[in-house]
Structure formats: C-alpha cells, structure tokens
Amino acid sequence: MSQLKMARRLMDSGGIQRALDRMAIQLVELNEGTENLALVGIHRAGVPLAQRLADRIKRAEGVDVPIGMIDITLYRDDVFIGLPQPVVGRTELDFDVTNCTLVLIDDVLYTGRTVRAALDAVMDFGRPDSIRLAVLVDRGHRELPIAADVVGATVKTSKVETVEIELTEMGAAMDGAAVMVKA
Amino acid sequence: MTAGTGELTFDHLLGLEGMDQTRITALLDLSQRMKEIGERPLKKVPSLRGKTVCFFFVEPSTRTKMSFGVAAKRLSADTMSLTASGSSLKKGETLLDTAMNLQAMGPDILVIRHRAAGAPHFLSKHLSASIVNAGDGRHEHPTQALLDMLTIRERLGRLEGLNVAIIGDIANSRVARSNIFGLTTMGANVRLSGPATMIPKGIDQLGATVVPSIEDATDGADVVMMLRIQKERMGSDLFPSDREYHRQFGLTKDRLRNAKPNVIVMHPGPINRGVEITPEVADGPNSVILDQVTNGVAVRMAVLYVLAHRTGGAK
C-alpha cells in the first residue's frame with residue numbers, strides 16, 4: 001500500500017454516507033419492500049457495508065433484515081497462478097438463504113471474478129429466489145458478464161490504477177474512496 | 001478476524017519439531033475456518049479441484065486415513081490410495097521404488113504413514129510431491145498434535161500457560177512427541193507420566209517434565225491427554241497386565257479430582273476402555289474425544305490447502 005499515491009478522490013466521508021443512504025432505499029425499492037430481503041457482505045469491506053445498509057433499512061422501514069458474511073477465498077479461480085497466498089476469512093450465513101432475495105454487497109466491482117466466486121459460495125448454502133448485487137464503486141473492466149443492480153458511484157479507471165475504499169470499521173480514521181496509482 | 005496463510009509456505013509437513021509459534025498459530029486459525037465448512041449443509045468447496053492427493057499407508061490406520069480422505073474430498077481434491085497389504089512392498093519392492101511409481105502418477109501431495117521413523121523425510125528428499133507425515137514409527141504425528149492443540153484452544157481459549165498432562169506409553173508414542181514439540185513451542189507446561197519402562201531417557205530435554213505418578217501429572221492440570229497402550233508395539237515384559245496398568249496409570253473419575261474443575265480429557269483413539277481410561281471418564285462431561293475427531297478433519301484440510309498452494313505456485 002505504501003508505494004501507492006492518490007490520483008484522485010472519489011468520495012469523502014459525507015459522499016459515502018449519502019451514497020449508502022440512496023443505495024439502501026434503492027434496495028428496498030428493487031425488492032418492493034423488505035420481505036425475504038437479506039444482505040450478505042463479501043469479505044472484507046463488504047461486511048461493514050452490509051451492516052451499514054441494514055442499519056439504514058432499519059431506520060427507514062423499521063425492519064431488521066438478516067445479514068451474513070462470506071469469504072470467497074476457497075472459491076477463487078486464481079489461487080494457483082502464483083499470487084501471494086490468500087487469507088481465508090470467516091463465513092457466516094445464519095439464516096436460511098432458500099427463498100430469500102439475497103443481496104451481495106461489496107466495496108468495488110472490477111473484473112467480476114469475486115462476484116462469480118461469491119455466487120458459487122452462496123448457492124452452496126441453499127437456493128435463493130434471486131441474487132442481487134450492490135457495490136459502493138463500479139470501476140469497469142469486467143471480465144465476466146456480471147453487472148451490479150445498485151451502485152454508489154460509477155467511475156472510469158485505467159487498469160494500472162486501483163480503487164481504495166477506507167472505512168472506519170476497518171481501522172481508517174475517516175471514510176473515504178480514492179483512485180490510487182503506483183508512486 | 002482473518003486467518004492468514006501468508007505466514008505459511010510449507011513444502012512438506014514432516015513434523016512439528018522446529019515449527020515456530022507464528023506458523024502453528026496461522027495453521028490453527030486456518031483450521032478454524034476450515035471447520036466452518038464441515039458445519040455447512042453442503043460440506044464442500046472447490047478449492048483443490050484438479051489436485052491429487054495420494055495416501056500411502058504402509059502401516060494400518062483407520063481414522064487418520066479416513067480423516068485425510070474426508071478432508072481432501074471437502075476441498076474437492078481427487079484421492080488415490082495404496083496400502084501395504086495390497087502393494088508391491090510385499091513383493092520386495094523398496095520404499096523409494098514404490099514411492100517413485102506413485103509419483104509417476106502425478107499426485108500433488110503424498111500422505112504417508114510408515115513404521116520407520118524418518119520415512120517421510122527420506123521421501124521428501126527424493127520426490128517432487130509435497131509430503132505429509134501421517135505418523136512415522138515412534139517419531140512424529142504432526143496433524144494429530146495440531147488437532148489436539150486446536151481442540152484445547154477451542155475449549156480453553158489459549159495454549160500458553162496451560163498445564164498439560166500426557167500419560168501412558170510415552171516411549172512408543174509419536175502423538176506424545178509431536179504434542180511435546182507443539183505444546184512447548186506454544187508456551188504450555190507439559191508433564192509426562194507413565195510406567196518407568198515407557199518413559200524414554202532424555203525425553204525431558206524436549207522441554208517436558210517427567211513426573212513419577214499419574215496424580216503428580218493431573219495435579220492442577222487443564223488438560224489430561226491419555227495415550228493408548230500400544231499392544232502391537234511392545235513386548236509383554238513392559239508391564240504385567242492390563243489390570244495392573246489400569247490400577248497404576250488408568251484415568252478414573254477419582255484421579256481427575258485434583259485437576260482443574262474445567263479440565264478437558266483427550267485421547268487420540270482408539271480407546272482401550274477400562275485399561276488407560278474408564279468408560280465413565282471417556283464418555284463423561286470433561287471428555288473432548290469426539291471433538292478431536294471432528295477437528296482432525298479441519299486441521300487436515302488446512303494442511304492440504306497450504307501444501308496445494310506450494311505445488312501450484314512454485315512449478
């Protein structure tokens with residue numbers, strides 16, 4: 001991380017708050033209410049984002065939607081191609097996913113490979129009615145036919161850049177989203 | 001919380017001797033994640049699809065082999081198996097020749113159990129597959145000690161500073177040796193007790209304390225680990241009879257009284273009921289014997305996962 005420098009800021013703390021406010025409303029709209037709705041954060045940044053969205057849905061609708069988390073390391077398609085060894089995180093889906101409208105939550109949508117792995121992981125737990133995707137930032141460059149249903153911000157990036165999301169739950173002093181390049 | 005394999009770059013798992021605290025902790029953390037998979041409705045992940053694990057058991061084993069088999073299948077690896085009775089070792093082929101033939105079939109990981117100490121180490125120098133030691137003679141049985149440590153950590157929250165009594169036939173026990181290496185590295189106090197004929201000279205140099213009676217060992221113990229009397233491994237002159245052994249070193253409810261109230265009782269299996277442990281204790285509230293079996297699968301998944309990365313990455 002230290003060899004990266006910021007190319008441009010995408011959202012400050014207030015920007016992320018407002019994006020999440022809007023995303024929460026869109027999720028409820030998309031589902032026509034909160035019935036059978038469940039949020040699943042993709043490890044790591046998707047986990048606190050799922051919690052934040054659930055908090056907002058609770059405030060707006062007065063309903064606790066079930067939340068879970070999944071780690072997709074064991075479903076990745078790139079673990080044997082010489083990348084550094086991945087870290088395996090916790091998977092917790094304490095509700096029955098069958099018949100749910102399940103929303104996968106991640107911070108950044110890029111190639112789509114993480115989402116592909118997440119779809120496989122979730123389906124091993126049951127048969128949801130439908131699966132939706134909500135991401136804070138869509139940065140383009142898809143390598144698979146995958147699209148998000150709810151997006152916080154769509155940004156144009158080049159492949160040499162990375163998008164970094166900072167969240168207070170993950171140890172950042174302040175929320176923020178920025179495009180980074182090699183220094 | 002995340003469990004890293006970042007600390008883990010194994011070529012082989014031959015023993016716990018020399019393995020440091022960071023690596024043991026990382027392996028146990030990863031095992032904890034693997035355990036979640038066994039609790040799912042669909043107990044399988046595609047992680048090791050296309051990898052082949054070969055079981056080469058020159059010495060009889062039921063649970064260890066099955067445990068490795070379940071572990072490999074939960075990770076979607078393919079498995080093949082060769083046992084001594086059906087193999088050409090019986091026809092006079094050397095260990096290395098047999099192993100070279102196995103290797104020619106292209107396994108990524110070879111899990112071996114052998115009656116000779118050092119057999120896995122020997123093969124690791126000659127084969128390109130990753131070797132897992134599933135028990136070599138009286139030497140080491142690293143996955144058993146890892147699953148024991150996982151079980152202790154799960155039940156008692158830590159390993160450091162715990163008093164662990166290991167009781168029985170220490171001389172013939174690879175389980176004891178691997179546990180001594182692992183537990184002392186993790187900062188536990190290990191006390192050993194058993195008939196004098198079954199305590200090898202110099203075992204205290206590995207960092208464990210030898211005490212004369214079972215009562216000395218269980219006094220204030222957080223963990224009591226009973227070893228199986230290995231009838232197949234000893235001459236009849238080591239102790240007079242099963243009953244005599246039970247009278248002196250068998251774990252009874254009475255003998256647990258001086259241990260800590262929440263003491264856990266462990267046994268690597270198979271149990272000789274009424275010899276080293278009474279049924280009352282083995283099936284009692286302090287027993288974690290079946291947890292050990294469950295955790296064995298998780299630990300072996302973690303080991304296979306880490307080794308598969310090595311075979312995939314390096315070549």
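Anything over 24 Å Cα to Cα? Flag those among A:Lys156/A:Lys182; B:Lys35/B:Lys125; B:Lys43/B:Lys125; B:Lys35/B:Lys260, in the order listed. From A:Lys156/A:Lys182; B:Lys35/B:Lys125; B:Lys43/B:Lys125; B:Lys35/B:Lys260, over 24 Å: B:Lys35/B:Lys125; B:Lys43/B:Lys125; B:Lys35/B:Lys260. Between chain B and chain A, roughly 2000 Å² of accessible surface gets buried, counting both sides and using a 1.4 Å probe. Against the main long axis of the alpha-carbon atoms of chain B, helix B:289-314 sits at an angle near 30°.
Using every pair of distinct Cα positions in the range A:49-164, the Kirkwood expression returns a hydrodynamic radius of 15.5 angstrom. Each other residue within a Cβ distance under 13 Å of B:Ala221 adds +1 if Lys or Arg and -1 if Asp or Glu, for a net charge of 0.
Near B:Pro107: Cβ cut-off under 11 Å, other residues only, Lys/Arg at +1 and Asp/Glu at -1. The net charge is -1. Accessible-area loss of 20 Å² or more (1.4 Å probe, protein heavy atoms, chain alone versus all protein chains) is found in the range A:111-145 for A:Asp124, A:Phe125. Computed from phi, the 3J(HN,Hα) profile of the range A:167-183 under the Karplus parametrisation 6.51, -1.76, 1.60 (θ = phi - 60°) reads 10, 4, 4, 9, x, 6, 5, 8, 5, x, 9, 8, 8, 10, 10, 4, 6 Hz, with x in place of Gly and Pro. Ligands, DNA and RNA are left out, and with a 1.4 angstrom probe the accessible area of the range A:4-182 is 47 Å² per residue. Using bins of 10 Å that start at zero, the share of Cα-Cα pairs per bin across chain B amounts to 6, 28, 34, 23, 9, 1, in whole %. Return one number: the angle in degrees, 0 to 90 and rounded to the nearest 10, between the long axis of the Cα atoms of helix B:142-156 and the longest principal axis of the Cα atoms of chain B. For B:142-156 against chain B, the angle is about 60 degrees.
Residues of the range B:37-74 buried by at least 30 Å² of accessible area upon assembly of all protein chains, compared with the chain on its own (1.4 Å probe): B:Arg40, B:Pro41, B:Leu42, B:Pro46, B:Ser47. Using the Cβ-Cβ distance between A:Leu144 and B:Asp11 with R0 = 56 Å, the FRET efficiency computed as 1/(1 + (r/R0)^6) comes to roughly 0.95. Expressed as a whole percent, the accessible surface of the protein assembly as shown that belongs to carbon and sulfur atoms is 50, based on a 1.4 Å probe. Ranking of A:Lys58, A:Lys156 by solvent-accessible surface, largest first: A:Lys156, A:Lys58 (1.4 Å probe, protein heavy atoms only, all chains present). Other residues lying with their Cβ under 13 Å from the Cβ of A:Asp124 contribute a combined charge of +1, Lys and Arg counting +1, Asp and Glu -1.
Computed from Cα positions, the angle between helix B:63-74 and the longest principal axis of chain B comes to roughly 40 degrees.
Close amide-amide hydrogen proximity is noted between B:Arg138 and B:Ala117, each under 5 Å apart and 5 or more residues distant or on a separate chain (H modeled in the peptide plane; Pro and chain starts excluded).
Here's the picture: charge each Lys and Arg Cβ at +1 and each Asp and Glu Cβ at -1 in chain A, and of A:Leu10, A:Pro145, A:Val103 the one pushed furthest to the positive end of that dipole is A:Leu10. Convex hull of alpha carbon positions in the protein assembly as shown: directionally averaged projected area 26.8 nm². Partners of B:Lys51 within straight-line reach, counting aspartates and glutamates whose Cα lies under 15 Å from its Cα and excluding those fewer than 8 residues away in the same chain: A:Asp77, A:Asp78, B:Asp78, B:Asp108.
The values are calculated or read from the model by the stated rules, or taken from the named source; none is laboratory data. As the structure is a computational prediction, the values presented were derived from the model and not from experiment. FYI the Cβ positions are ideal-geometry reconstructions off the backbone, even for glycines, and counts take in every protein chain you see. Note: accessible area is taken over every heavy atom of the protein model, side chains too, but ligands, DNA and RNA are not part of it. Shrake-Rupley method; radii C 1.70, N 1.55, O 1.52, S 1.80 Å.
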